[in-house]
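Have a look at the structure below, then the notes.
The values are calculated or read from the model by the stated rules, or taken from the named source; none is laboratory data. This structure is a prediction, so every number in the text was calculated from the model and none was measured. Using ideal geometry, Cβ is built from the backbone for each residue, glycine included, and neighbour counts are taken over all protein chains shown.
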Amino acid sequence: MIICLTLITSFIFSSELCSLCSTPLSKNFLTDSWGNNFHPNHLKESIFCKSCNRVISESITQGGYILPDSRYICNLCHQSSITKNSQIKKIKKTSINFMQKLGLEIIDNFNINLIDQNTLLDSLKEHGLHSISFQAFTKCDEKECNIYILDYLPKILFQSILIHEMTHIWLRQNNFITNLKEEEGFCNLVSSYFLKNEQSKFSSILLKSLFENSDTIYGNGYRLMNKKLEEFGWEKIINDFKKK
Ligand SMILES: [Zn+2]
Ligand SMILES: [Zn+2]
Ligand SMILES: [Zn+2]
């Protein structure tokens, strides 16, 4: 996720208070994607949560943590962060069910592994592997596939990334080969469908960042596939893969 701040110039008198210091906002203020408004001069000393991009502070996020791999994570994300195999097992099951309902039957012959940021970056560098904003990658051989995902991600972000990676595996299991743009676009499309169903503030922010992604593969691919979905529906998209 890219840190997205908007500079607002308000011409009406604002009685609103700064989310960080609780004093009145001036004419110019910054607003983050969560709608927190604050004085521009806080930016210098601010630390943003790696997962949700809110400023880590007592008032906005009830504080936060620094992980051993130097990532900053806010307390709100930490409350639902995925760190244990028992959590993964549950999310894997609900994700398989979610995809099944969409008509994407996936064979459970893949593992989900948690890794820290250093291991992730090393692996990406080593193999020149596929990545989604450097938060996960998938490796397959003849027998099985392994998904590697950053640890400590909040549940909703974790599951949206997992579903993206699982969609790659589903395409592979069915020998559906397409171009990179369509493949990444489709994986994002399935992931976005999950986010739409979640109906939370965080899911709508993640959804917005998928739509606004300027990347020619991920962003353009997603917008292309989303247009196809609106025009033809899931069944036609899936049937089109079969023909390729
Ligand atoms: Zn302030
Ligand atoms: Zn956070
Ligand atoms: Zn991907």
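Quick one: which of 217, 147 is free of Cβ contacts under 8 Å to residues at least 60 places away in the same chain and surrounded by fewer than 19 Cβ atoms within 10 Å (Cβ to Cβ)? Full working, then the answer.
Numbers: 147 fails: surrounded by fewer than 19 Cβ atoms within 10 Å (Cβ to Cβ).
None of the others qualify; the one that does is 217.
Of the residues making up the range 188-198, at least one is of a type in the set (Val, Ile, Thr) and surrounded by 13 or more Cβ atoms within 10 Å (Cβ to Cβ).
Looking at this structure, is residue 185 among the small types (Gly, Ala, Ser), outside the structural domain of residue 52 (by TED's automatic domain parsing) and either outside any helix (DSSP H, G or I) or in contact with a Phe, Trp or Tyr (Cβ under 7 Å, 6 or more places away or on another chain) (or both)? Break it down stepwise before answering.
Numbers: among the small types (Gly, Ala, Ser): yes; outside the structural domain of residue 52 (by TED's automatic domain parsing): yes; either outside any helix (DSSP H, G or I) or in contact with a Phe, Trp or Tyr (Cβ under 7 Å, 6 or more places away or on another chain) (or both): yes.
Criteria met by residue 185.
Can you find even one residue in the range 201-214 that is on the phi < 0 side of the Ramachandran plot and touching a Pro at 6+ places or on another chain (Cβ under 9 Å)?
Within the range 201-214 (the criterion being on the phi < 0 side of the Ramachandran plot and touching a Pro at 6+ places or on another chain (Cβ under 9 Å)), the answer is yes, since at least one residue qualifies.
Within the range 57-95, if we keep just the residues that are over 15 Å from residue 151 (Cα atoms), out of contact with any helix residue (DSSP H, G or I) (no Cβ under 8 Å at 6 or more places or on another chain) and in contact (Cβ under 8 Å) with a residue 12 or more places away in the chain, the residue that is farthest from ligand 2 (Cβ to nearest atom) turns out to be 59.
So for the range 70-77 (the condition being within 16 Å of ligand 1 (Cβ to nearest atom), surrounded by fewer than 19 Cβ atoms within 10 Å (Cβ to Cβ) and either of a type in the set (Lys, Arg) or outside the structural domain of residue 106 (by TED's automatic domain parsing) (or both)), does at least one residue qualify? The answer is no; no qualifying residue exists.
Can you tell which of 227, 201 is closer than 30 Å to residue 32 by Cβ and without any contact (Cβ under 8 Å) to a residue 24 or more places away in the chain?
Details: 201 fails: without any contact (Cβ under 8 Å) to a residue 24 or more places away in the chain.
Answer to the check: 227.
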